[in-house]
Amino acid sequence: MVKLQRITTVILAAAFVMCFVAGPVLAQDDTTASEKRSFKEDTKALGRGTATAVSATVNYPANLVNDSVNAVGTAAKNTAGVVIDTGKATGKTLTGDVKQAPKIVTTPVTGTVTTVGTAAKDTLEAPINAGRQTKDQYKKRQGQQTKVQDKQSQGTRTQTKRSKNRK
């Protein structure tokens, strides 16, 4: 029974990977009956799709980590700012500027609330921003691939015209 579960798990994992990797490439099959692609061209297209899927799979976690680190960095910077502002208010109070005394209490409270709010917002937005960045990277990569495909198809058309003229 355990072996059957393991085999089923492996088969499902393989099917999922094939759908994830080969699915986008096969879904973009926009060839008509008059312009059949060779096996070599199909293999190249599958390779480009695989590279794009792997790139997106790698880029999203990297973008997410980058945004999360930025959120933590911003929170640390804001925390340091609160400590510095509180220290300034304390120093001014001790040197005789009594009007700064209320800031000793209010600065840490307002600063902490602001810092926590900013950190929470940045942390919640990190996955969304990472997804947007990954989508933009994907679109950029697709644009580059389209340019390469256009150049390749122009070369193929030229070769086809030459072979027809030779006949």
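Rule-based calculations on the coordinates, nothing more; no lab input. Fair warning: this is a prediction, and the values are worked out from it, not measured in the lab. A quick note on method: Cβ atoms are made from the backbone with ideal geometry, for glycine too, and the neighbour counts reach across all protein chains shown.
List of remarks:
- Every Cα-Cα pair of region 56-135 was included, and the share exceeding 17 Å stands at 56 percent.
- Modelled FRET efficiency - R0 45 Å, Thr79 with Lys139, Cβ distances, 0.05 increments: 0.75
- Region 78-93 - phi-based ³J(HN,Hα) in whole Hz, Karplus 6.51/-1.76/1.60, Gly and Pro as x: 5, 5, 4, x, 5, 4, 5, 4, 5, x, 5, 4, 5, x, 5, 5
- Spin-label model, Thr90 to Arg6: label points 7 Å out along the Cα-to-beta-carbon direction sit 6.2 nm apart.
- Distance between the modelled labels on Thr118 and Lys99, one decimal in nanometres: 2.6 nm (7 Å Cα→Cβ projection).
- Dipole check for region 56-135: with +1 at the C-beta of Lys and Arg, -1 at the C-beta of Asp and Glu, and the Cα centre as origin, the magnitude is about 160 Debye.
- Residue (of Gly91, Thr112, Thr134) at the positive-pole extreme of region 56-135, dipole from beta-carbon charges: Gly91
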